[in-house]
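We did not get these values from a lab; they are worked out from the coordinates using the rules stated. Owing to the predicted nature of the structure, the values given are computational and were not obtained by experimental measurement. Don't worry about glycine lacking a Cβ; one is built from the backbone with ideal geometry, like all the others, and counts go over all protein chains shown.
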Amino acid sequence: MDKFDHLDLKEWQSTRAWQLSQVGWKQRHIAKALDVTEGAVSQWAAKARSHGPAALLARHHPGPAAKLESAQMRLIPDFLGHGAEAYGFRGEVWTCARVAKVIAEEFGVTYEWHSEIHKSIVQLGIDKCRSPWDKDW
């Protein structure tokens, strides 16, 4: 089940729980019928009462905004093309940690996690950066 199927199921369960509560069903019966906890039914009912039934509809959360603008992202392959030694690293291997240091030096943007760097590099179609679990992070 992908995350959108999961959202659809949760949306259906929460709106159905609200509908059943409106026709007099008890929370424990709703929970059993929908295979959810009574706590979930209680939270959904409270949310619908305070913000309206539309508050139970699923919303896609896109995640945090990108740290680099697209124009900056397009410059990264050029920087990496100079080679790791041009940035003071020993050896010509690009790791996620090294790419993070180059981005910090060139743009003043810092990354906390390997996965952020790795994802950005993969989006550019660059396979020079080793996995996000490199030792030298």
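Summary of values
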quantity: Coarse-grained scattering of the range 3-56 at q = 0.22 Å⁻¹, given as base-10 log I(q)/I(0) from a Debye sum over alpha-carbon atoms; calculated: -0.74
quantity: Long-range amide H partners of THR95 with built H, under 5 Å; calculated: ARG130
quantity: Residues GLU112, GLU106, sorted so that the one with the fewest Cβ neighbours within 10 Å comes first; calculated: GLU112, GLU106
quantity: Gain in span if fully extended, ALA54 to VAL23, counting 0.36 nm per residue against the direct Cα distance; calculated: 9.4 nm
